[in-house]
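Peer 1: I have a structure I would like to understand better, so I am pasting it below and will then ask my questions one at a time.
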Amino acid sequence: MVFDSGLQPNTEHRYRVCAFFITEDGDVECSEWTAGRTGPPEQPRQPNRPPRPRIVEEHAGETWIGIKWEAGHNYDSYFINVAGPFGTTRGPRELRTIKHDDDGTWGYQRVDDLLPGRVYDFSVQGCRPTFLGIGTDQCFDWSAKVSFPTQAYPLHSGPHTCAPPFVWREAFDGDTVCVEVSRRKQVAADNAQAQARRAYTCTPPNCTFTGPDTCKVPYVWREARPSDHVCVPVKERSQVAAENNLARERRAAPP
């Protein structure tokens, strides 16, 4: 039996078989011509694609959203696409990609620094390493896109209502200067560190503050108002002063 692997697919060919005898006359005997057709070309085999992930749950706060997904396949890592308004820009929605290095058949990812009361789109993609770990990971189909909103901050009414997406700074009770969400979080963090940043002298076992409002070096008074002596970095005091200057134009209805 003879195989010829060089024929064109889906083509008719004629062939016959000849026998050669080792004689003085070189006798040859051949069969009748026979026709045959090769089969259609082989279709490329589809790779064995594992199931794509499916987002099944979400939790949201005012500035964050956490999503949970199931994959039905033990992936080695995942990518999460997040589309939505980031920062304080009011222009086109931005797309960000987060790599989730945990493996398994499911995962959970929290995304922070979002704007309150806004909608964000999520999708998830599963990946696994290439053979012998050579080259970039092999990633598969993205999950269906799912949209989730962050929670909205309570609305403040009155002459000091902030224009979206600004919120009250709240460096002290009654501080209604309008700032970005991330800035309000920073101000709260500085308030929590206020006592730790005060200067003191220590004679064991007793430690006393050198003055009621003295800051450790290199901290300075924040001065969100004249009596605001929370100790912050110099850059933070400059930022607070700039926010005070922008207070009127960030209000929804300036008085």
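Every read-out reported here was derived from the displayed coordinates using simple, explicitly stated rules and does not represent laboratory data. Owing to the predicted nature of the structure, the values given are computational and were not obtained by experimental measurement. Methodologically, a virtual Cβ is constructed for each residue, glycine included, from the backbone with ideal geometry; neighbour enumeration extends over all protein chains shown.
Peer 1: Hey, what do the phi angles of the range 170-177 turn into as Karplus ³J(HN,Hα) couplings, whole Hz, using 6.51/-1.76/1.60 and θ = phi - 60°, x for Gly and Pro?
Peer 2: 6, 5, 8, 4, x, 7, 10, 5
Peer 1: In what sequence, highest mean first, do 230-239, 118-127, 187-196 appear when ranked by Cβ atoms within 10 angstrom?
Peer 2: 118-127, 230-239, 187-196
Peer 1: Continuing with the same structure: With r defined as the distance between the Cβ atoms of V146 and D102 and R0 fixed at 30 Å, what FRET efficiency is calculated, to the nearest 0.05?
Peer 2: Here the calculated transfer efficiency is 0.90.
Peer 1: Distance in nm between label sites at T11 and R197, each 7 Å beyond Cα in the beta-carbon direction?
Peer 2: 8.1
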